[in-house]
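Written out below as structure tokens is the structure these notes cover.
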Amino acid sequence: MSSATLADLSDTLVWLAVLSYVVAAPLLGLELAYRSRWAGRAGVAVAIAGLAANLGAALTRGLAAGRVPWGNMYEYSMMVAAVVVTGWLVWVARRREVRPLGLFVLLLAALAIAAAALTLRVPAGPLVPALNSGWIKVHVVAAIIGTATLSLSSVFSALYLVAERNERRAAPRPPLVAGGARTADRAEVDEAIAGYAVEELEATEAAEAPATGRRLKDLLPPAARLDDLAFRTTAFGFPIWTFAIMAGAIWAQSAWGRYWGWDPKETWSFITWVVYAAYLHARATAGWRGRSAAWVSVLGLVAFVVNFYVVNTWVVGLHSYAK
Amino acid sequence: MAVQAPPTTRPEPGSPTPQLGELLRQAWREFRSMRTALVLLFALAAASIFGSLFPQRPISPQRVEQYLLDHPAAGPVLDRLGMFDVFGSAWYTAVYVALLAALVACLLPRTRSLVRMLRSRPPRASARYARYHNHAVLAAAVPPEQATEAARRVLAGRRYRLAGHPGGELAAEKGYLREAGSLLFHVAFLLLLVGLAYGKGFGYRGQISVVEGEEAANARVNYDSFTPGRFFGPGQLPRFTLRLDDFANAFHPDGTPSRYAASLTALDGSGRQLRRQTVTVNHPMTVDGIRVYQSDYGYAPVVRVTVKGRDGKPVTPQDGPLLTLRDPVTEVSNGAVKLPMLDPQIGLDVTMFTGLLTGDGPGGRPTLANDPRLVNPVLVVFGWRGELNADRAQSVFTLDRSGLQPLADRPLVIPFGGERDLPGGLGTVAFTGVKQYSVLTLARDPGVPLVAGGAALVLVGLLPSLYVTRRRVWVRAEPAPGGARVELAGLALQGKPAFAEEFRRLVAEVERALGRSPGGPAGVTLTADAAPPPVREPGAARHETRSRPGGT
Ligand code: HEM
């Protein structure tokens, strides 16, 4: 196949992937709403087809350009979506109960691809010399996985906010004084968190009473579970994102002679990193644990979105390979 | 037990105003609190945003100038606020220095408390073991001391730190690596930032252009741009000379560049070869601690200008490669020849196009190709006479036309290898060849090892601090009919779901150990809690553990 045919094929596959994700998401929504197992299974089947199209789109594009398929932000977004969906599927294989959450995961993936296809798409082409380095591959792969997991954790945090509000309304309980430390004494931080969990126990169990309504917010997993999911995905993604920034710095050092230059792309990667570091802090700070911390995590997703769409389309820097 | 906010110190009764020392102590406590750290992290993130909203001088001074021209009202105000060099501005520095100070202030008590934690023995449990999420009761057919000893061996085998307490209670704890890792992370991050500042202060960066076949000494005057750190003295530039033996660029079929390669030789003061290397975009060369990078290139058409000197005899004030500035978008290169020694002074605007395609345009007219490759280079020369203002600072690539009049209303178009007469019999211009020049970035950053080491340790510290969890287990055994009643309790300060699983396995192992101890097998469980169905494992069929789900 000629490279033009391959590029065309890639464009078709990309929209096929978006379509599949958009079809699979409501099926999983049905499972979430009506506990319909068949809808959940169908959703996973369609999502797998979508993932195949997604990976196919990346592969054909890579073949068309004769290089790795992550040379620009459009391809990068495609890969992020593929990693998000793969991560969710692997998780579903291990724990069935996260399957209905695919509703949000797939919408995130579809949105990421569609937004990139509409705003960041460039014709398949070769890489400029600066991008021809081993470190770029490491950097970009780590960045893709980091972006995927951290944005997923923010989605969990957002869902936590909804679920928590719901539970708070359903079972009003006195505000907790505990749940975080005011000092840097780690022992105190730990004790405070441990105390919080003991305190919280009764309340959470009350909140886990079967939900009555059929509205989305009544069907979410318990808030404590979402909070845990959000933390665990962050704990997975944060070191990877940290490493991605470092690999990028090593690459910049070899390509431009400076490992850090505050170009807009670097600046926003750093901002994103600081926001997720703040989230990890907030979880251990008095008066911040819970809702406020979750908002910080949502802010992290906002930073990613700005980094992707605003910086790539409006602001240019050395990273303008993105264009 | 809820942990309340630490008691705030109140003024002594009887003293109307709080003591100054007390106030200071309180301010210090507040400064090193988690809340302050959080606020400062947000401040850092927010401050960084400005650096991406406006063009930054250190990155692209031209765009700052353009911005100032486009925004005559707001521009100067923004400039005064440091918006065009956010990361070097006083207020940005203030935020990160405050964060670093808070970090150091935090590290001291945290280190102290880690040391205290490592020195002290694992604490006692609360009296009612049943209060803990993880709780199990076993019946052993051995005396209490032997039962405790069996549990001790199991816990020691799992690398718990152990302490015996009065009443035969055994306390065990592990997971100190979490706090140690977190401390390492914070110290390493500090180290990284120190390395960054050190490298910036004592290093420098600059650019030198060298034409193929020519040499440039590593001296301040040869730099097109030079950004020294605050503590970088001019005498610190090592003395060597760079010779560009050859420059080659290769292109993809669609014209995008695939590779730039500068073959460089570094020579010492006496002309001896220090190093010889082909420098490509991702492969710099190191000479005397200075890294040399290939960063850009341009064309230097070989131009010979012959004019009549003051005494009427022909002179050639320009005979050789002429540096031109290449526009990477249009591939048009602009340069200038300035002849201030003539009377009147003469200036030539020299423009080189990479391709003149004859008969390609509408009506068979020639067109200019904007191809990065040299297709059929052509020189377009426009002559000026008058006052060059050569004593004023100006770019070498352009003429200051304020005091100049054009020599003619049409430019000279000189094909490759051709020669043309200047208007009015002033002389001739010949285009005899094209060379390339390489723009090399030279940089010294003594902070790199510190930054790299810090970065590596950041990762090393981060992983245990996120994944290791601190957990405690208590065991007590009391005499019971037929042997002992062994009670175990467990508490995880983080990662409760995983610990519940670990606790279950631990209890099973203790049970097996009790079974192996002399005196017969272990007995039945006594947990009375009927609510959650007991989790049974093959090896733990004869006890029940009670684990309640809890948040992390
Ligand atoms: C310089 C900027 C800082 C950054 C980038 C940063 C980053 C982080 C990160 C990523 C974590 C989670 C991983 C870990 O536990 O190591 C963390 C935890 C922590 N940080 Fe910082 N930190 C900074 C400054 C501070 C300061 C000034 C304090 C003093 C209050 C502090 C106190 C803590 C504590 C107590 C934890 C443990 C919280 C827990 O138990 O999860 N950090 N920090």
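Summary of computed values
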| quantity | calculated |
| --- | --- |
| Some residue of the stretch B:334-357 being buried (at least 17 other Cβ atoms within 10 Å of the Cβ), at positive phi and either more than 42 Å from the chain's Cα centre (by Cα) or assigned to a loop (DSSP other than H, G, I, E, B) (or both) | no |
| Subset of the stretch B:39-56 [surrounded by fewer than 18 Cβ atoms within 10 Å (Cβ to Cβ) and within 13 Å of A:P264 (Cα to Cα)] | B:I49, B:L53 |
| From A:W135, A:W70, A:W91, residue being of a type in the set (F, W, Y) and either open to solvent by less than 10 Å² (accessible area, probe 1.4 Å) or not in a helix (DSSP H, G or I) (or both) | A:W70 |
| Pairs with Cβ under 7 Å, 6+ apart, first in the stretch B:376-400 and among the β-branched types (V, I, T) and open to solvent by 30 Å² or more (accessible area, probe 1.4 Å), second at pLDDT 85 or above and not in a strand (DSSP E or B) | B:V380/B:P411; B:V396/B:L323 |
| Number of the exception - B:T36 against (1) open to solvent by 50 Å² or more (accessible area, probe 1.4 Å); (2) modelled with pLDDT of 80 or more | (1) |
| Matching residues in the stretch B:412-432 - criterion: being open to solvent by 10 Å² or more (accessible area, probe 1.4 Å), on the phi < 0 side of the Ramachandran plot and not aliphatic (A, V, I, L, M) | B:P415, B:F416, B:G418, B:E419, B:R420, B:D421, B:P423, B:T428, B:T432 |
| Enumerated helices (runs of 4 or more DSSP H) restricted to the stretch B:56-139, each holding at least 3 residues that are within 16 Å of the ligand (Cβ to nearest atom), closer than 21 Å to B:V194 by Cβ and free of Cβ contacts under 8 Å to residues at least 12 places away in the same chain | B:90-119 |
| Selection within the stretch B:157-201 - open to solvent by 50 Å² or more (accessible area, probe 1.4 Å), more than 16 Å from the ligand (Cβ to nearest atom) and part of a helix (DSSP H, G or I) | B:G157, B:P166, B:G167, B:Y198, B:K200 |
| Any chance B:G417 is modelled with pLDDT under 85 and more than 16 Å from the ligand (Cβ to nearest atom) | no |
| Selection count, the stretch A:271-281, where residues are at the interface with chain B (Cβ under 7 Å from one of its Cβ atoms) and more than 10 Å from the ligand (Cβ to nearest atom) | 2 |
| Criterion (of a type in the set (K, R) and within 13 Å of chain A (Cβ to nearest Cβ)) met by exactly one of B:R304, B:R259 | B:R259 |
| Complete set of residues in the stretch B:299-312 that are at pLDDT 85 or above and more than 30 Å from B:Y260 (Cα to Cα) | B:V305, B:T306, B:V307 |
| In the stretch B:28-57, the residues that are among the hydrophobic types (A, V, I, L, M, F, W, C) and over 23 Å from B:L190 (Cα atoms) | B:F50, B:L53, B:F54 |
| Residues satisfying the stated conditions in the stretch A:94-119, i.e. outside any helix (DSSP H, G or I) and either open to solvent by less than 10 Å² (accessible area, probe 1.4 Å) or within 13 Å of A:L55 (Cα to Cα) (or both) | none |
| Selection status of A:P239, modelled with pLDDT under 50 and either at negative phi or more than 9 Å from chain B (Cβ to nearest Cβ) (or both) | no |
| Candidate set from the stretch A:283-300 (those that are assigned to a helix (DSSP H, G or I) and modelled with pLDDT under 90); member that is nearest to the ligand (Cβ to nearest atom) | A:A293 |
| Members of the stretch B:467-480 that are within 13 Å of the ligand (Cβ to nearest atom) and surrounded by 22 or more Cβ atoms within 10 Å (Cβ to Cβ) | B:R470 |
| Entirely in the stretch B:225-310, the strands (runs of 3 or more DSSP E) that have 1 or more residues that are free of Cβ contacts under 8 Å to residues at least 12 places away in the same chain | B:241-251, B:257-267, B:273-280, B:285-287 |
| The stretch A:233-265, residues that are over 12 Å from A:W135 (Cα atoms), away from the ligand (no atom under 16 Å from the Cβ) and in contact (Cβ under 8 Å) with a residue 12 or more places away in the chain | A:W256, A:G261, A:D263, A:P264, A:K265 |
| Considering residues of the stretch B:449-466 that are more than 7 Å from chain A (Cβ to nearest Cβ) and open to solvent by 20 Å² or more (accessible area, probe 1.4 Å) only, the residue nearest to the ligand (Cβ to nearest atom) | B:P464 |
| Subset of the stretch A:225-236 (residues that are facing chain B (nearest Cβ under 8 Å), surrounded by fewer than 23 Cβ atoms within 10 Å (Cβ to Cβ) and not charged (D, E, K, R)) | A:A235 |
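The values are calculated or read from the model by the stated rules, or taken from the named source; none is laboratory data. Predicted, not measured: the structure shown is a model, and the values here were computed from it. All Cβ positions, even for glycine, are placed from backbone atoms using ideal geometry, and neighbour counts span all protein chains on display. With ligands, DNA and RNA removed, areas are computed over all heavy atoms of the protein, side chains included. Shrake-Rupley method; radii C 1.70, N 1.55, O 1.52, S 1.80 Å.
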